[in-house]
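The numbers here are math on the coordinates, done by the rules we state, and not lab data. In this text, all values refer to a predicted model and were calculated from it rather than measured experimentally. Every residue, glycine among them, receives a Cβ derived from its backbone with ideal geometry; neighbour counts consider all protein chains shown.
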Amino acid sequence: MPSKSQWITDELSSLKQQGLYNTIRTIGSPQGAWLTVDGKKVLNFCSNNYLGLANHPKILAAAKSAIEKYGVGPAAVRSIAGTMSLHVELEQRLAKFKGAEACITFQSGFMANLATVPALVGKEDVIFSDELNHASIIDGCRLSGAKVVRYGHNNIQSLRETIANEKKIGFRRAMIISDGVFSMDGDVAPLKELVEVADEEGYLLMVDDAHGEGVLGKGGRGIVDHFNLHHQVDVEIGTLSKAFGAVGGCVAGDATLIEWLRQRGRPFLFSSAMTVPDVAACLAAIDLLEESTELVDRLWANAKYFKAEMKTLGFDTGVSTTPITPVMLGEAPLAQQFSRALFENGVFAMAIGFPTVAKGKARIRVMISAAHSKDDLDKGLEIFKKVGKELGLVK
Ligand code: PMP
């Protein structure tokens, strides 16, 4: 009789055969434009450290001094054992920064989605979800027990059609959910049109701004600010794990909605809070973003330069309008081969394949940061050109 876990071994080797096995490299340095990966110094093109804050001296100093005052861990669930003043301060500062009435923080962006969706819709309800929404939205939707109806990516016509179909069947309440910036393609949701549909129908609208936080809007205030839709999007999910340089998640919205999440958001009620250094780091990140738009401006200038040069070299960078720069390659084994060759030449940029993106849409996702200098970008471009030529992808 085969062992009861033989199927796992078989599945793992099948992943390896298909080029879908995810090998995780080990980083031996702080985050930044350059990293030590598996013992080798390489140019970093794959972290979400958009503004270079993960190792910024002011952020480190804030985290250290908060540790001196509050220690490291919150030691319990906030609703059971009280909340540190630091967490309350962060929520107030985030709300003000984003131009929202109130804000609640969670342990991560993933947790924010798992908390929020089930608190707002249930078994008798319907969720209209963009077909390319992030896994954490998909899981939050599943947890809610609501019927999930996917509409065509960024396609308002398709959204309207799915709504019309569901109305024929009938439901109690509904919510429309979309990523703000789509993490694998770098395109942006048509938020104005989504607001129009949500308002016409009287449905809640939720946007996940994980890749817009610190990137879009004035000085990184996010997608709602970018489209000037303050107080018109009911639920704004955010992550503090990318541009903010720490780890955490948040939800911004009106005061009643946030009060409800404090009563019914299960990861808030049953899991400990963000750690002290994370909270202090985020507070310092808001200080930096409120002081100046310099980092956000540099991020965009770097992204525009890199993307334009990649196009000139002949690479297909997809439909991105943000610093996320996919290099579309097609089949997963090719993307893995490309990533390995980049690494041998000194660039760390991972291949992304199924199930993170659809089969046949494998890519290298280049993440540009304000931490890159022009020299760094030029070095990266030179290596992309060399590897692209070696693999017969560009001339
Ligand atoms: N939402 C989106 C759209 C994301 O891209 C991510 C991170 N990949 C998350 C949520 C999860 O954020 P966190 O890493 O803070 O859990």
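Just a few scattered comments:
- Under-5 Å amide H pairs with Ile176, H placed in peptide plane, nonlocal only: Phe128, Leu204, Leu205, Met206
- Between the alpha-carbon centres of the range 240-313 and the range 79-128 there is a gap of 13 Å.
- Trp7-Asn55 FRET efficiency (beta carbon distance; Förster radius 30 Å; 0.05 resolution): 0.10
- Against the empirical curve 2.2 N^0.38 Å, the C-alpha radius of gyration of the chain lands at a ratio of 1.01.
- For chymotrypsin sites (Phe, Trp or Tyr not before Pro), no site in the range 217-268 is both called loop by DSSP and has at most 13 other Cβ atoms within 10 Å.
- Choice from Gln337, Gln31, Gln18 with maximal GNM fluctuation in the chain (Cα, 10 Å cutoff): Gln18
- Calculated SAXS-style log₁₀ I(q)/I(0) at q = 0.08, 0.10 Å⁻¹ - the range 73-291, Debye, Cα scatterers: -0.25, -0.40
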